[in-house]
Amino acid sequence: MATLLTGALLALGMTADASAGAERVSRTLARPVMTQSQDSYNRDIRVHNQTGWTMTYFYAASAGTDDWGTDLLGSGTLAPGDSMVVTADNGSGACRYDFRAEFDNGEALRRNGINVCQVADYYFTR
């Protein structure tokens, strides 16, 4: 029974310590899993904010469209000098995406035709 519990906890990224008759469960933080689409192209891209402004919204849309969809920052922001990994995969099979970033000072920057199937890092500059 203990082996089964230990195996289940490890599968969930957790460990158990049964010393002194008390069971303690701790969770370890895992690294983000990089995803790959069905066509085997990895569309994960690390976006670097090198503008000097705080990024408040970030969008990725298939190249040539103005349907920006959901803000990929969610409720967060991206401070100057910071970076984050986003997945640009809307299920269309497209590799070329347009990026739009909005900043706390009201500025908005758009970058067109980024090939997310070939580029692993994108640096947003002014």
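All of the numbers you see were taken from the coordinates with simple rules; none came from a lab. Keep in mind that what you see is a predicted model, and the values were worked out from it rather than measured. Here the Cβ positions follow ideal geometry from the backbone for every residue, glycine too, while neighbour counts run over all protein chains shown.
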Residues satisfying the stated conditions in the range 100-126, i.e. closer than 13 Å to M55 by Cα and outside any loop (DSSP other than H, G, I, E, B): R100, A101, E102, F103, A108, L109, R110, Y123, F124
All strands (runs of 3 or more DSSP E) inside the range 34-99 with 1 or more residues being surrounded by 13 or more Cβ atoms within 10 Å (Cβ to Cβ) and small (G, A, S): 55-62, 83-87
